[in-house]
Amino acid sequence: MKRKTSQRAAIEQVFQVEERPLGIEEILQHGRAMVESLNQATVYRNLKLLVDQGWLQQINHPAMGTLYERTGKGHHHHFHCHDCNRVFELPGCTLNQQAAAPEGFIVEAHEIFLFGVCPSCAANMG
Ligand SMILES: [Zn+2]
Ligand SMILES: [Zn+2]
């Protein structure tokens, strides 16, 4: 007897295949290709579980709201392509955050989103 893919396994697989931060709609869309019964409530429940377990973390996109990404990658920035609406992870950090704030401010953290066109969309533009 072949064991059916669990909803949680399907969600994990979506992240392993896509390798970038995902919103609920994208997770649903990709996950349904594996588990048809997947719906918004079950996805939210499983995402919460995966966040609680430290497998996923939430990031806040200025316009798209909450996105989910794999943990354990260290500090990095994000890139939003306005053409395909996908968010990518950028390697490393180039910001001297203390130098970016005026004197007197103690900087503790930052989040950076770059906006533009991703390589595959840029290639399609010719
Ligand atoms: Zn794109
Ligand atoms: Zn940074």
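The values are calculated or read from the model by the stated rules, or taken from the named source; none is laboratory data. The structure displayed is predicted, hence computed values, not measured ones. FYI the Cβ positions are ideal-geometry reconstructions off the backbone, even for glycines, and counts take in every protein chain you see.
Out of E89, E111, one residue alone is outside the structural domain of R8 (by TED's automatic domain parsing), within 16 Å of ligand 2 (Cβ to nearest atom) and closer than 23 Å to I11 by Cβ. It is E89.
Being exposed (fewer than 12 other Cβ atoms within 10 Å of the Cβ) and more than 29 Å from G116 (Cα to Cα), is that true of even one residue in segment 57-74? No, there is no match, as no residue in segment 57-74 is exposed (fewer than 12 other Cβ atoms within 10 Å of the Cβ) and more than 29 Å from G116 (Cα to Cα). Identify, by number, the condition in (1) of a type in the set (F, W, Y); (2) within 16 Å of ligand 1 (Cβ to nearest atom); (3) crowded, with 17+ Cβ neighbours inside 10 Å that F15 doesn't meet. So the condition that F15 fails would be (2). Just to be sure before I move on: is V43 assigned to a helix (DSSP H, G or I), outside the structural domain of M125 (by TED's automatic domain parsing) and closer than 30 Å to Q97 by Cα in the structure I sent? So V43 fails the test. Consider segment 76-126 and keep the residues that are part of a loop (DSSP other than H, G, I, E, B), within 16 Å of ligand 1 (Cβ to nearest atom) and more than 22 Å from the chain's Cα centre (by Cα). The one that is farthest from Q58 (Cα to Cα) is G126.
Only one of the numbered conditions (1) part of a loop (DSSP other than H, G, I, E, B); (2) away from ligand 1 (no atom under 16 Å from the Cβ) is not met by T66, and that is (1). Quick check: is even one residue across segment 22-45 surrounded by fewer than 18 Cβ atoms within 10 Å (Cβ to Cβ), among the aromatic types (F, W, Y), under 23 Å from T71 (Cβ atoms) and modelled with pLDDT of 95 or more? The answer is yes; a qualifying residue exists.
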